[in-house]
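This report refers to the structure that appears directly beneath it.
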Amino acid sequence: MASVSKSNSERSNLQRGKGRSSRNTILLAAAKLATTEGLTGLSLGTLASELGMSKSGLYAHFKSKQELELATIETAAEIFDSEVLQPALMAPPGIERIRALVNSFLSHIERGVFPGGCFFAAAAAELDTRPGLTRDRVVEVLNKWFSLLKQCIGDAKDLREISPDTEVPQVVFEIEAMLLAGNFLFIMMNDSIHLIQARDGVENVLKRLAVNANSQGR
């Protein structure tokens, strides 16, 4: 009896493992597809065709369109964390970390982690006028990103790397504008010069702030 129970348990664990692996494969495909087709353009039929699976197999993982969308956003957030945030957070606080975030962000676009560029830039443009749980979750992720940028700029102020009079929200806006423009133009024109311009634009902002900080010290 003990042997039978153990065998049943092993089969159950194996099935759960296969189920998780299948779900992860589906969600990775969904996250990539969402950057070109849009979150609202995702459907079990589209995913089934993309993955060569049956619709019934997908229905076993997601009971509704909204569940699929929210799960896709979570997968994209995990990828963004591993591809952009975690590598940058290894840099020292302040200016170096700001540069690391900018470089990681632009690198993940250039490497085509998502075929349509930044997942959350695409999702925000699509959902900005569509209230609901899906939009709310995208806003949460964006706010986390903005908070991190604010923290890095605040650290740079505390470390006296930039002017103490720096208006942090304005600098966040300017850096984000550079990154979004670089993302959009790179995907539209397929020319990495726009990523270089975005990086140079951020450097110009940092230099301007550093010059102000130096002038106040004289």
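Laboratory data are not the source of any read-out in this text; all were calculated from the coordinates shown. These figures come from a predicted structure and were not determined experimentally. Cβ sites come from the backbone with ideal geometry, for glycine too, and all protein chains shown count toward neighbours.
Structural remarks
- Treating r as the C-beta distance of Met189 and Leu142 and R0 as 22 Å, the FRET efficiency rounds to 0.35.
- Under the Karplus curve 6.51 cos²θ - 1.76 cosθ + 1.60, θ = phi - 60°, whole-Hz ³J(HN,Hα) for the range 90-98, x wherever Gly or Pro sits: 7, 7, x, x, x, 4, 4, 6, 4
- Distance between the pseudo-spin-label points of Lys55 and Thr25 (7 Å out from Cα toward the beta carbon): 2.1 nm.
- Phi angles of the range 67-77 translate, via the Karplus equation with coefficients 6.51, -1.76, 1.60 and θ = phi - 60°, into HN-Hα couplings of 4, 5, 4, 5, 5, 5, 4, 4, 5, 4, 5 Hz per residue; Gly and Pro are given as x.
- Under 13 Å, Cβ to Cβ, from Thr40 - net charge with Lys/Arg +1 and Asp/Glu -1: -1
- Relative protection proxy for 132-140, 195-203, 51-59, from highest mean packing down: 195-203, 132-140, 51-59 (other beta-carbon atoms within 10 angstrom).
- 3J(HN,Hα) from dihedral phi, the range 102-114, Karplus parametrisation 6.51/-1.76/1.60, rounded to Hz, x for glycine, proline: 4, 5, 5, 4, 5, 5, 5, 6, 5, 7, x, 3, 10
- Along each principal axis, taking the top coordinate minus the bottom one, the Cα set of the range 21-62 gives 23, 18, 17 Å in descending order.
- With Cα atoms as the point set, the radius of gyration and Dmax of the range 64-217 evaluate to 16.3, 60 Å.
- Too-long pairs where the Cα-Cα distance tops 20 Å, listed order kept, from Lys150/Lys207; Lys32/Lys150; Lys32/Lys65: Lys32/Lys150
- Potential extension, Ser82-Gln151 segment - 0.36 nm per residue separation minus Cα distance: 22.9 nm
- Positive dipole terminus of the chain, leading residue within Phe119, Ala100, Leu27 (C-beta point charges): Leu27
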